[in-house]
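Asks: Supplied in structure tokens, the structure appears directly below.
What follows draws every value from the coordinates through simple rules; no lab data is involved. What you are looking at is a predicted structure, and each value in this text was computed from that prediction instead of being measured. Every residue, glycine among them, receives a Cβ derived from its backbone with ideal geometry; neighbour counts consider all protein chains shown.
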Amino acid sequence: MKYQVVWDRLAEEELAAIWLAASDRNAVTRASEWLERRLAVNPLDLGESRRSSVERIGFYPPLGIEFEVIEDDLRVVV
């Protein structure tokens, strides 16, 4: 199954700010790409649940993300 991964505006802005402030921008880029690939393949196996089984948090240093899995639409919102 392939999920569509959507970064909301706030998440995109926060990622951009992290990237601009990072001493190792390549690490931030690698982490965001790794997280997005995993979210697209099997988001419920990434990280751990929070308020519900579909509201999750995942990490790949130096990043951490909060995301929601919308199974019916095969979509993930970061």
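Asks: Assign unit charges at the C-beta atoms only (+1 for Lys and Arg, -1 for Asp and Glu), then state the dipole size of the chain relative to its Cα centre in Debye, rounded to the nearest 20.
Replies: 220 debye
Asks: Roughly speaking, what is the stretch gain from residue 74 to residue 27, that is 0.36 nm per residue apart minus the C-alpha to C-alpha distance, in nm to one decimal?
Replies: Extending this stretch completely gives an extra 14.1 nm.
Asks: Grab the beta carbon distance between residue 45 and residue 14, set R0 = 22 Å, and tell me the FRET efficiency rounded to 0.05.
Replies: Once the sixth-power term is evaluated, E becomes 0.40.
Asks: Output the 0 to 90 degree angle, nearest 10, between the alpha-carbon long axis of helix 9-21 and the longest principal axis computed from the alpha carbons of the chain.
Replies: Value to nearest ten degrees: 30.
Asks: Work from the charge dipole of the range 4-77 (Cβ charges, +1 for Lys and Arg, -1 for Asp and Glu, about the Cα centre) and give the residue of 26, 43, 67 farthest towards its positive end.
Replies: 26
Asks: Report the per residue volume, in Å³, of the convex hull enclosing the C-alpha atoms of the range 8-78.
Replies: Given the Cα convex hull of the range 8-78, per-residue volume reads 78 Å³.
Asks: Can you give me the angle between helix 25-41 and the longest principal axis of the chain, using Cα atoms only, in degrees from 0 to 90, rounded to the nearest 10?
Replies: Its long axis makes an angle of about 10 degrees.
Asks: Return the sequence-ordered ³J(HN,Hα) values of the range 52-66 in whole Hz as given by the Karplus equation 6.51 cos²θ - 1.76 cosθ + 1.60 applied to θ = phi - 60°, using x for Gly and Pro.
Replies: 8, 5, 9, 9, 10, 10, x, 9, 8, x, x, 10, x, 9, 10
Asks: Which far-off residues, 5 or more places away or on another chain, put their amide H under 5 Å from the one on residue 75, with H placed in the peptide plane?
Replies: The list, which skips near neighbours in sequence, is 4, 70.
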